[in-house]
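K.L.:
One structure coming up, written as C-alpha cells, with questions to follow.
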Amino acid sequence: MSFIVWLLVGVFATWRLTWDITSCTRLVEEGQPERCEPNLEGPFRLYDGIRWFFKQSFIPKWADVMCPYCTSMWAAGFVSLFLPFYEGLSTYEAVQLWLLCTLGMSGVVAFHFRRLRLMFGVDAPES
C-alpha cells in the first residue's frame, strides 16, 4: 500500500483509540459539578486499565487521558510505531518520520474533534 493509504489507516486508528478512551457519559447531579463517567470498558477492560494507569499519583498531570487532544497525541505515537515506513532509514530519519507522523495524525484528530463540536454539538470530555 502507498504512504498515503497507511497514513489514513493511522489517522483512523488514532481517532478510534482517542474516541474510545475519552468517550463518556456526562453526569449532572443537583448541586454537584458536572462529571464524566467513562462508558467504554474495551476488550478485556483495556480502556479501563489505561484510564486507571494514567490516574496514578506517579503520572504527571500533563499526561491526562480524559482530554481528547492529549489522548490523541499518545494514541498517535503508539499507532505510528506500527506503520511500515521505517525500513531502510537511519535511526535519525526514522525518529524524524515517527515524530512527524505522530504530530500529523494527532493534529488531524484534534481538528476533527473541534469540527464535530462546532458543527454537530458532539463533545468529547474536556479536562
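K.L.:
Taking H placed 1.01 Å from N in the peptide plane, check which residues at least 5 places from Cys24 or on another chain put their amide H under 5 Å from its amide H.
P.N.:
Residues meeting the amide H criterion: Asn39.
K.L.:
By counting other Cβ atoms within 10 Å of each Cβ, how are Val109, Val65 ranked from fewest to most? Before the final figure, lay out each step's value.
P.N.:
Values: Val109 25, Val65 22.
By the 10 Å Cβ count, ascending: Val65, Val109.
K.L.:
Here is a further query. Ordered by packing density, taken as the mean number of other Cβ atoms within 10 Å over each peptide's residues, highest first, how do 86-93, 55-62, 100-107 rank?
P.N.:
The densest-packed peptide leads the list: 100-107, 86-93, 55-62.
K.L.:
What ³J(HN,Hα) values, in whole Hz, does the Karplus curve 6.51 cos²θ - 1.76 cosθ + 1.60 give for the stretch 84-92 when θ = phi - 60°, with x put for Gly and Pro?
P.N.:
x, 9, 9, 5, x, 9, 6, 4, 4
K.L.:
Using only Cα atoms, figure out Rg for the stretch 3-120 and give it as a multiple of 2.2 N^0.38 Å.
P.N.:
1.20
Just so you know, all these numbers are worked out from the coordinates, no wet-lab data involved. Source: prediction; values computed, not measured. All Cβ positions, even for glycine, are placed from backbone atoms using ideal geometry, and neighbour counts span all protein chains on display.
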